[in-house]
1. Gaussian network model of the chain, Cα springs within a sub-10 Å range: biggest mean-square fluctuation belongs to which of Ala167, Ala180, Ala68?
2. Search the structure for amide H atoms under 5 Å from the amide H of Val82, placed 1.01 Å from N in the peptide plane, and list their residues when 5 or more places away or on another chain.
3. How large is ³J(HN,Hα) for each residue in the range 238-247, as worked out from phi by the Karplus curve 6.51 cos²θ - 1.76 cosθ + 1.60 (θ = phi - 60°), to whole Hz, x for Gly and Pro?
4. Using 7 Å Cα-to-Cβ label points, what is the Arg241/His99 separation (nm, one decimal)?
5. Could you give the size of the charge dipole of the chain about its Cα centre, using +1 on the Cβ of each K and R and -1 on the Cβ of each D and E, expressed in debye and rounded to the nearest 20?
6. With unit charges on the beta carbons (Lys and Arg positive, Asp and Glu negative) and the dipole taken about the Cα centre of the chain, which residue among Thr121, Gly169, Ser190 sits farthest to the positive side?
7. What value does the range 108-257 have for Rg/Rh, both radii from Cα atoms and Rh as Kirkwood defines it?
8. Apply the Karplus parameterisation 6.51 cos²θ - 1.76 cosθ + 1.60, with θ equal to phi minus 60°, to every residue of the range 75-82 and state each ³J(HN,Hα) to the nearest whole Hz, in sequence, with x for glycine and proline.
Amino acid sequence: MAGPGWRLREASGGEGLTDGGGYVPIPADEIRRCLRELGDLRYSAGNLDEALRRIVHATHELFAVDGAGLMLVDPDQLLRNVAVSDGRVHHLEDLQIEHGEGPCVDAFEVKELVDAADLATERRWPLFSPAAVRRGLRAVLATPIPYNQHAIGVVVVFSAETRPWSAEGELALMAFTDLAALCIANTMASEERGEIAEQLQRALDARVVIEQAKGALVARDGVSEQEAFELMRRQARQERRRVVDVANEVMAAARRT
């Protein structure tokens with residue numbers, strides 16, 4: 001489900017044909033055609049909601065996958081769906097938040113493209129992978145959305161069957177992701193941002209405080225940055241509060257010492 005404040009748009013796509021889960025090359029002329037059809041978005045700072053929906057729709061059609069989605073970070077630094085082409089993308093969001101791991105999480109945190117051809121044999125995410133397979137997610141390809149030297153979300157495609165992702169497919173997904181990043185940057189610089197951009201700005205403002213609090217916990221307790229974030233997130237869950245509120249308390253305590 002979309003997180004608090006995020007308004008979800010669903011993009012219709014193709015039927016997700018994968019040729020039995022085998023390698024399906026993406027012709028270069030098809031990639032060019034799709035990008036040309038989205039060319040107006042490169043210079044637009046208008047309706048970000050609609051722009052992201054169009055990008056997800058085009059990504060789904062080009063890859064002939066079972067689903068595509070675009071996630072943006074929320075104020076608790078969790079990835080939330082903003083546009084999806086198939087309801088199963090909600091499972092990606094829910095399971096990765098529940099288990100704190102997964103391909104989109106890694107792509108977002110490491111700021112690199114992450115691929116998984118068969119989650120049934122995947123060992124990188126021991127909690128997420130079997131749960132995802134049970135929900136009909138078998139292969140995933142995710143790439144981070146860059147903004148101001150940080151990742152602010154991911155574009156992801158998934159298949160219900162095993163699928164070795166091709167180099168052409170990886171480059172194509174990065175091209176669509178770069179277009180999404182450009183649309184977001186143009187909108188963030190515009191005077192008329194709109195709802196999604198304002199929500200993203202709140203997430204970026206919260207990130208500053210959370211990063212400072214992570215540093216304070218690392219210095220105080222000798223934990224890793226990831227462990228520091230998990231400590232704050234666990235406390236926030238137990239107390240039904242926002243992570244940024246816990247982070248503010250950590251910083252207030254650090255200033256008193």
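Values in this text are rule-based calculations from the coordinates and carry no lab data. In this text, all values refer to a predicted model and were calculated from it rather than measured experimentally. Cβ coordinates were reconstructed from backbone atoms using ideal geometry, including for glycine residues, and neighbour counts include every protein chain displayed.
1. Per the Cα network of the chain with a 10 Å cutoff, Ala167 tops the list.
2. When sequence neighbours closer than 5 places are left aside, the close amide H contacts are Leu70, Met71, Leu72.
3. These are the phi-based 3J(HN,Hα) values: 4, 9, 6, 10, 7, 4, 5, 5, 5, 4 Hz.
4. Computed distance between label sites Arg241 and His99 equals 3.0 nm.
5. On the way: 30 positive and 41 negative charges, 148 e Å.
For the chain, the charge dipole is close to 720 debye.
6. Ser190
7. On the way: Rg = 18.4 Å, Rh = 17.8 Å.
Ratio of gyration radius to Kirkwood radius: 1.03.
8. x, 8, 6, 10, 7, 10, 5, 10
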